[in-house]
1. Out of B:Ser313, B:Ser282, report the one residue that is outside any loop (DSSP other than H, G, I, E, B), facing another protein chain (nearest Cβ under 9 Å) and over 21 Å from B:Asn230 (Cα atoms).
2. Taking B:Ser313 as the residue in question, decide whether it is at pLDDT below 95 and not charged (D, E, K, R).
3. Filter region A:79-90 down to the residues that are of a type outside the set (Phe, Trp, Tyr) and open to solvent by less than 10 Å² (accessible area, probe 1.4 Å), then identify the one that is farthest from A:Leu46 (Cα to Cα).
4. Return the pairs, sorted by first residue and then second, in which the second residue is aliphatic (A, V, I, L, M) and outside any loop (DSSP other than H, G, I, E, B), the first residue lies in region B:160-186 and is more than 23 Å from B:Ala216 (Cα to Cα) and open to solvent by less than 10 Å² (accessible area, probe 1.4 Å), the beta carbons are less than 8 Å apart, and the residues are 6+ apart or on different chains.
5. When region B:289-322 is examined, which residues are found to be touching a residue at least 24 places away in the same chain (Cβ under 8 Å) and either hydrophobic (A, V, I, L, M, F, W, C) or touching a Cys at 6+ places or on another chain (Cβ under 7 Å) (or both)?
6. Can you tell me which residue is nearest to D:Val292 (Cα to Cα) among those in region D:232-241 that are within 11 Å of chain A (Cβ to nearest Cβ) and either of a type in the set (A, V, I, L, M, F, W, C) or touching a residue at least 40 places away in the same chain (Cβ under 8 Å) (or both)?
7. Out of all the residues in region A:7-16, is one or more at pLDDT 95 or above and surrounded by fewer than 17 Cβ atoms within 10 Å (Cβ to Cβ)?
8. Is it the case, given these coordinates, that B:Gly262 is in contact with a strand residue (DSSP E or B) (Cβ under 9 Å, 6 or more places away or on another chain), in contact (Cβ under 8 Å) with a residue 24 or more places away in the chain and either open to solvent by 10 Å² or more (accessible area, probe 1.4 Å) or basic (Lys, Arg) (or both)?
There are 4 protein chains.
Amino acid sequence: MKLAIILGNLGNTNDRFLSSGYKDQPTKEEMIRRAAAIEGVEGVELVGSWDITTETVDQVGALLVRNSLKCVSIIPDHFAQKRWGSGAFSSKDPSIRAQAVDETAKMAEAAMKLGCDLINLWPGQDGYDYPLQADYRQERLWMEEGLRSLCKSFPRVRFSLEYKPKEPRTHSYMARCGDTLLLAQRVAMPNVGVTIDTGHSFVAGENVAEAAVMLAMAGEKLFHMHFNDNYRFWDDDMIVGSVHFVEFVELLFWLREIGYKGWYSMDQYPYREEAQGALRESIEFLKAIDRVLDEKSVAEIRELVKTGDAVKSTRWVRTRFFS
Amino acid sequence: MKLAIILGNLGNTNDRFLSSGYKDQPTKEEMIRRAAAIEGVEGVELVGSWDITTETVDQVGALLVRNSLKCVSIIPDHFAQKRWGSGAFSSKDPSIRAQAVDETAKMAEAAMKLGCDLINLWPGQDGYDYPLQADYRQERLWMEEGLRSLCKSFPRVRFSLEYKPKEPRTHSYMARCGDTLLLAQRVAMPNVGVTIDTGHSFVAGENVAEAAVMLAMAGEKLFHMHFNDNYRFWDDDMIVGSVHFVEFVELLFWLREIGYKGWYSMDQYPYREEAQGALRESIEFLKAIDRVLDEKSVAEIRELVKTGDAVKSTRWVRTRFFS
Amino acid sequence: MKLAIILGNLGNTNDRFLSSGYKDQPTKEEMIRRAAAIEGVEGVELVGSWDITTETVDQVGALLVRNSLKCVSIIPDHFAQKRWGSGAFSSKDPSIRAQAVDETAKMAEAAMKLGCDLINLWPGQDGYDYPLQADYRQERLWMEEGLRSLCKSFPRVRFSLEYKPKEPRTHSYMARCGDTLLLAQRVAMPNVGVTIDTGHSFVAGENVAEAAVMLAMAGEKLFHMHFNDNYRFWDDDMIVGSVHFVEFVELLFWLREIGYKGWYSMDQYPYREEAQGALRESIEFLKAIDRVLDEKSVAEIRELVKTGDAVKSTRWVRTRFFS
Amino acid sequence: MKLAIILGNLGNTNDRFLSSGYKDQPTKEEMIRRAAAIEGVEGVELVGSWDITTETVDQVGALLVRNSLKCVSIIPDHFAQKRWGSGAFSSKDPSIRAQAVDETAKMAEAAMKLGCDLINLWPGQDGYDYPLQADYRQERLWMEEGLRSLCKSFPRVRFSLEYKPKEPRTHSYMARCGDTLLLAQRVAMPNVGVTIDTGHSFVAGENVAEAAVMLAMAGEKLFHMHFNDNYRFWDDDMIVGSVHFVEFVELLFWLREIGYKGWYSMDQYPYREEAQGALRESIEFLKAIDRVLDEKSVAEIRELVKTGDAVKSTRWVRTRFFS
């Protein structure tokens, strides 16, 4: 497992009631230092506007080098400025759509400068809130067009589409694994794929492991993984393993089976928790499962999923983990 | 709107607590007579085992003719016999998989005899219940294989895949619109498409209208529509419009926009209600919306979805329906 | 129906991704002017910190008088300052608990100055996020103690407890109607009651009308009503009637049946909508239902709920509203 | 932990699609023998109609004695006969309401004959499906009346109300912990209390442990516990621990803290699983947690819930269970 975190997880976090945030904001330098201090973390993901801009690429790059961290991906900002409020790639305003592509292009260039080939796209404002508010046909076509043009402009960058059913819109255009893979297939470029965020997948009512398998079956279209936990109803962005357990066992098994080679990146919102500790716990939880998944365990699970006997599967988990 | 009902809606209904059912079971003849007596109903869907078998094709066909009803589709039985209990097309047992295809083939032949070109496939047992119980990769391939072989054997029959997130399994293989369209695309035959059941789509957390648009964008892949209502959490199979309203307005608008030419078929489970009345209400509700969606209204909605102003959309619905 | 709005609905709104908010913030004066301009609105609710403080009582009061608006309630701030981040009335820190009571006391005094007898309590931070994080027994007792002391100190003020299942915590202590009524009964004072927010009730999986009836049966414990709409999964705070319809018909019927004499107050978060229009739509929707609920309709519904025939109830709604 | 199972768990199980059931039905004698053979099981719960009637009391009692099993409770049948289809205690038909009380009285007498003092009431048909179908005020009063008369008639029997949000109705009258405790308090008899079914509580969106604490705070009103697991959306009645883990750790901790002295009874629906094995797994899972919850662990959790540090709580679970 190549482990990473999203840098902003170490910063301040606000919600709609407490706009100042629950904590203080450390300096970028301090956040990078804290990321590097988490055992096992080899890389960080950077969010546009918040962590990196065209102007600060070199400076951030230097900080990463000094702390022996790789830039795993850049997540361009399509959600944290007023101009994106009613959509970015699917905005009804053509100039906003152009800006969405342009902003992504800038981040693709920044990524290349940092030796990173992955742009994680989460255009959270692309969607709609109310019935009879959106031209689904037209707006979905605009999404495709913007993405296709980026894939063509940056053939050596991989664009990974992170789906999420809702928030900040009540309905996202990239809502579920299936829909988003379909979108990627319509874009029809080799350098477009999909990011699974475990929490988003839970909220979508999916079995995360099955979602990963679906992407693999479509030709290695699982480009990236974000890890966090929640109660299945909302993107709570909690410590990995604080709520779910067996689903993560199954997911880690299947990520091996499909030969996933990408990053295992933590994406949390520790509103009230000490952030470094919250991230460390997530990583230690994944490692604890990973240690159990040795060759023998993997062979046993392969047999279990062939057999389909739920009593045996449940017993295996219990005896292997809790005895 | 070409209106239909699923014949079994007029029969007895049971659940896991009351296996004898809440009502008495009328004769097939009586059920068909009652279907024909609902104003506007031109056709019925027949469920394998329950309504039709290879042996009863001619007899059922004669009853339909006598009552001036078309056979809209046959829904082969892949859910109501013990042999399907752990899956049909994706069963771990190759002989069950063969039987699933065989049973479907028989119903395809029955359909052709009745002058019907639509097989509605709802293989409700194809899925899984527990973590670590299923080989997602292998079982999904088996689904594809079975479907492809049917599409090849019956090039003049259209096979429409009805998705549903769960029940009777906790997870279905044909779970959501996106996944199921992907499956259809992997089958890669012109005569495979998708059925939207409005209630299944609500449970999947989808916007039904957007799902319909997605299927249309993929090349007229919306083959069939089932109508019913629920509270979004479970497939309650209630009277259409008894819970939701504006979603059905939006859906009927988009079905027109995408040029949907198929049936509007009622699929309910009136456990405790007088069934004919429950079906009649669904149909009258859809007609009431349809009457409002005249040329002027459609033009107005087209403008609303281009504008995206939720205040205006909400006002339009209120003034057009409640003034 | 005595109609009101929460003043902040007319201001800027932010979420966790766009902390600057989607709009600009008008002046308090401008917001009050806009509230008064919505036809039918007779009063406003004020949020502590945001709309009113001990220092600004007279000034805000004068603005209200000038605009012929009543102060319907004050909602003390127990959610929008860092000090409340881990709870107010149930905080593990005794000094924070004392501050929660003190802040409420100040707002009770402010309310009395403004001729208002209602404090709407929504201590949104009182709850917990993770398993094994809270001492449910102790913290629930602290909630009771704080509320009881306030009820004793201000016998002429009514304290209305607004429940909500989650957000900003993953679990609130005042989560559902039943739990919160039990809490009020443990406080055991005549001047404590419950606020139903329609959206919170949807998210709780409740039938809002039944919740109102439960509170009435407990001895007129429904003190206050907040109106908004959502998709049942999250507190989307949308325009009333933009998603649900028949539930609001049923609610307005039962509010009459139980003799509810309180306010019908709008509580929305029009992130991207023109706020005055969004509030106006909510009010016009409620009025449209109210107009139908004349003496004849009420008598008919009384008969319907006695009969329990869902076909008849559905037909009644259709013919009365959509013909 | 005093361990029990519901006898019917070992029998055939059907759903609405497969009314014949997924399995064969063993004899009562065989089922009791299989129950006794599960290590740790000391008692069984019997369902009226299915497992026990006035006529078979002695015979069933003899079988239990022969297999050294106690009768833990009787669950009277208020759900598995057509006459209950539209409600039992809250039926609009006074003769059905009388029959509901009468049937319960018969089972109370049967229980006393078997040396059992617990009647577990799950009147699953008491509720409603559609808006505008129920007179909530009147029907809730009828529920209270029936229950009160039973409590008065059988002062030495404890009546435990098992809540469940829905199924077979879309809305139950005994829906959530809070509502049902309120109902018990309105009945106002010492011998009425509440049953928590872990799966029902998950579906209600509750934290099960907190629900148990609420009942304890109301004066030892937690009379009984049913255990099973699900995915939080529906009463899947799965093997305990097959989905959830940490919630069961927290629940077992709090059941000790509140001094719960009742049974830990398994209530599953192993549709497709070998039933004895499925029950055995549930019990072994609970035992595995119980073994960890020694004096030292309990003391540590007490400290954790006082501290409220989610990082520490998560770490404790990980190191204590997965190291």
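1. On the way: B:Ser282 fails: over 21 Å from B:Asn230 (Cα atoms).
Residue meeting the stated conditions: B:Ser313.
2. Working: at pLDDT below 95: no; not charged (D, E, K, R): yes.
Against the criterion (at pLDDT below 95 and not charged (D, E, K, R)), B:Ser313 does not qualify.
3. First, pick out the residues of region A:79-90 that are of a type outside the set (Phe, Trp, Tyr): A:80-83, A:85-88, A:90.
In the following step, the residues that additionally are open to solvent by less than 10 Å² (accessible area, probe 1.4 Å) were identified as A:85, A:87-88, A:90.
Details: A:Gly85: 21, A:Gly87: 21, A:Ala88: 19, A:Ser90: 23 Å.
The qualifying residue farthest from A:Leu46 (Cα to Cα) is A:Ser90.
4. none
5. B:Ile289, B:Val292, B:Leu293, B:Val298, B:Ile301, B:Val317, B:Phe321
6. Filtering region D:232-241 down to residues within 11 Å of chain A (Cβ to nearest Cβ) leaves D:232-233, D:238-241.
Applying the additional criterion that residues be either of a type in the set (A, V, I, L, M, F, W, C) or touching a residue at least 40 places away in the same chain (Cβ under 8 Å) (or both) yields D:233, D:238-241.
Working: D:Phe233: 29, D:Met238: 23, D:Ile239: 20, D:Val240: 17, D:Gly241: 15 Å.
In this case the residue turns out to be D:Gly241.
7. The answer is yes, given that some residue of region A:7-16 is at pLDDT 95 or above and surrounded by fewer than 17 Cβ atoms within 10 Å (Cβ to Cβ).
8. Details: in contact with a strand residue (DSSP E or B) (Cβ under 9 Å, 6 or more places away or on another chain): yes; in contact (Cβ under 8 Å) with a residue 24 or more places away in the chain: yes; either open to solvent by 10 Å² or more (accessible area, probe 1.4 Å) or basic (Lys, Arg) (or both): yes.
So B:Gly262 fits the description; yes.
The values are calculated or read from the model by the stated rules, or taken from the named source; none is laboratory data. Everything numeric here is computed off the predicted structure, so don't read it as measured data. Positions of Cβ are generated from backbone atoms using ideal geometry, with glycine treated the same way; all protein chains shown enter the neighbour counts. Ligands, DNA and RNA are stripped out before the accessible areas are found, and what is left, the full protein with its side chains, is counted by its heavy atoms. Shrake-Rupley method; radii C 1.70, N 1.55, O 1.52, S 1.80 Å.
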